[in-house]
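Here the structure comes first, spelled out in structure tokens, and everything after it is commentary.
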Amino acid sequence: MAEIQQGLFGEDFIVSHQKIDRTNAERKARMVAQRADIGELPSVADPERRERGLQSLVEFGLSYCYGYGGALLEHKPSASIIAYVNELQACMDNGGLLHAVLFRGAGKTTWIKIAIIRSISYGLLHFPVIFAASATMANLIIQDIWSVLEFSPTYAEDFPEISYPISCLEGLAQRTLSQTYQGERTQIKRTANEIHLPVIEGSPSSGAIIVAKGAGASCRGLTQRGARPDFVLLDDIQSRKDAESTIRTDKLENWQR
């Protein structure tokens, strides 16, 4: 805000920030702070669509992960996939165990990614962990999840508390260190195997964490910000090489226990 002062003969004039800053360092600090703060969040564009996504994982996927360039979903789900998706939703919403067996390429991994995005977006989960066959596959899962958070146009419209702070980074990771909302750091983080959602007071997703690791990776003592995982998914953890070796298969089975 500019400051109004009176001149020698009583006239009002505006003093710019550049003039009232005592030093170049003060001016630079002020400019950095202004650039780092994201301002007010946009309003939710379609509350009813957002509510439908809470009620149905299928609706969430079709609303936010389908129908735009680079979307996770290329086709609408078949009846058999919808049955699997409904079981997955029930397990993630209410807890429990689910062992899903589908033919390769059916979309099981894609819907796992969508289910994780939905669960953390509504605050149903705060610290899901995914194990894939390898660290490379785990990294791809993180990459695809982040892509929805950053680039899905409908998700940006209905989940501004997540997507807007991420979009304000403009793809520059170093901005996560200084970005603020209402004077508090948003603490966004993205690495090869982790995503930390923005810390936004009042948001159900505030500070949620997603971790993806390769099968066999250490999972004991896994904590972040004092929290422990509240859901674990194993996604095709057996590779072709594993399947051909009884030793590797036994190791995987022992690791799961």
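The values are calculated or read from the model by the stated rules, or taken from the named source; none is laboratory data. This structure is a prediction, so every number in the text was calculated from the model and none was measured. Methodologically, a virtual Cβ is constructed for each residue, glycine included, from the backbone with ideal geometry; neighbour enumeration extends over all protein chains shown. For accessibility, only protein heavy atoms count, side chains too; no ligands or nucleic acids. Shrake-Rupley method; radii C 1.70, N 1.55, O 1.52, S 1.80 Å.
A few notes on this one:
- Sequence of Asp235, Asp93 when ordered by accessible area, the most exposed leading, probe 1.4 angstrom: Asp93, Asp235
- Amide N proximity, segment 131-153 versus Leu234 label position 7 Å along Cα-to-Cβ, cut-off under 15 Å: 131-134
- Distance between the pseudo-spin-label points of Ser147 and Leu172 (7 Å out from Cα toward the beta carbon): 2.5 nm.
- Our note on the geometry: Cα centres of segment 120-143 and segment 155-219, 13 Å apart.
- In this rough spin-label picture, where each label sits 7 Å from Cα along the Cβ direction, the Tyr68-Ala135 distance is 3.2 nm.
- Across Phe231, Phe60, the residue with the most accessible area heads the list, and the full order at a 1.4 Å probe is Phe231, Phe60.
- In the complete set of protein chains, residue-level accessible area for Thr136 is approximately 90 Å², probe 1.4 angstrom.
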